[in-house]
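Below is one structure; the comments refer to it alone.
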Amino acid sequence: MATDPEAAEPVVPSLVDRYFTRWYKADVKGKSCEDHCILQHSNRICVITLAESHPVLQSGKTIKSISYQISTNCSRLQNKVSGKFKRGAQFLTELAPLCKIYCSDGEEYTVSSCVRGRLMEVNENILHKPSILQEKPSTEGYIAVVLPKFEESKSITEGLLTQKQYEEVMVKRINATTATS
């Protein structure tokens, strides 16, 4: 009696799928398709990443460089957090820029926080190897880690889309694109 080897292997969810809830912000700051993904852990920490549909993750894009220098006086790299109460952490609003991504085709994308809270860390690895942002956006290629205020931890998901709602937005975009062509 032969059994199908693929049927015998149970599908094991990834670490991200097991411990994080995916939330999405579509068309950040009104820019079409510039979608961000917020991975929220049960301990309320949020990992900011790019959504699958972001133009940077589309084929043919090459990242030239990434900069955490937001303005002449503000660099996210100078964020130094210490102690139990996370002293020194930069406070972010929903629209606060985290970094800028420069592509070889001249395009520039600004990644926003999408959640209010304290900046715990930025991913310096993507500065040295920008390709991991495209290869592993939900894991090693994350942008930053943000800790929302405890009293706001339940309300930070207001205004964000669930995985299902985001998929519906994607279907509408595809339908709109095919209708115009």
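The values are calculated or read from the model by the stated rules, or taken from the named source; none is laboratory data. What you see is a predicted model, and the numbers here were worked out from it, not measured in a lab. A quick note on method: Cβ atoms are made from the backbone with ideal geometry, for glycine too, and the neighbour counts reach across all protein chains shown. For the accessible areas, the whole protein counts, side chains as well, though only heavy atoms, and no ligand, DNA or RNA atoms are used. Shrake-Rupley method; radii C 1.70, N 1.55, O 1.52, S 1.80 Å.
Quick notes
- Taking the C-alpha atoms of region 18-172, convex hull volume expressed per residue in Å³: 121 Å³
- Of the chymotrypsin sites (Phe, Trp or Tyr not before Pro) found in region 1-92, those in coil by DSSP whose Cβ has at most 11 other Cβ atoms within 10 Å are Phe85.
- Förster-model FRET efficiency, 22 Å R0, Ile174 and Gln58, C-beta, rounded to 0.05: 0.95
- Projected label points at Lys80 and Thr157, each 7 Å from Cα along the beta carbon direction, are separated by 3.7 nanometres.
- Peptides 96-102, 45-51 ranked from most to least packed, by the mean per-residue count of other Cβ atoms within 10 Å: 45-51, 96-102.
- Accessible area of region 18-172 belonging to carbon and sulfur atoms, whole % at 1.4 Å probe: 50 percent
- Solvent-free Debye calculation, one equal scatterer per alpha-carbon of region 98-153: log10 I(q)/I(0) at 0.27 Å⁻¹ equals -1.16.
- Heavy atoms of His128 accessible to a 1.4 Å probe, total area in Å² rounded to 10: 150 Å²
- In the chain, the sites counted are GluC sites (Glu not before Pro) in DSSP loop states with at most 14 other Cβ atoms within 10 Å, and the longest stretch holding none of them, exclusive of the sites, is 53-106.
- Using the Cβ-Cβ distance between Lys164 and Thr93 with R0 = 35 Å, the FRET efficiency computed as 1/(1 + (r/R0)^6) comes to roughly 0.85.
- Value of relative contact order over the chain, rounded to a whole percent, pairs C-alpha under 8 Å and six or more apart: 21 percent
- Projecting the Cα atoms of Val111, Ser82, Pro10 onto the dipole axis of the chain, where Lys and Arg carry +1 and Asp and Glu carry -1 at the beta carbon, places Ser82 farthest toward the positive end.
- Rounded to the nearest 500, the helix-only mean residue ellipticity at 222 nm of the chain stands at -5000 deg cm²/dmol, with each DSSP H run of n ≥ 4 adding -39,500 (n - 2.57).
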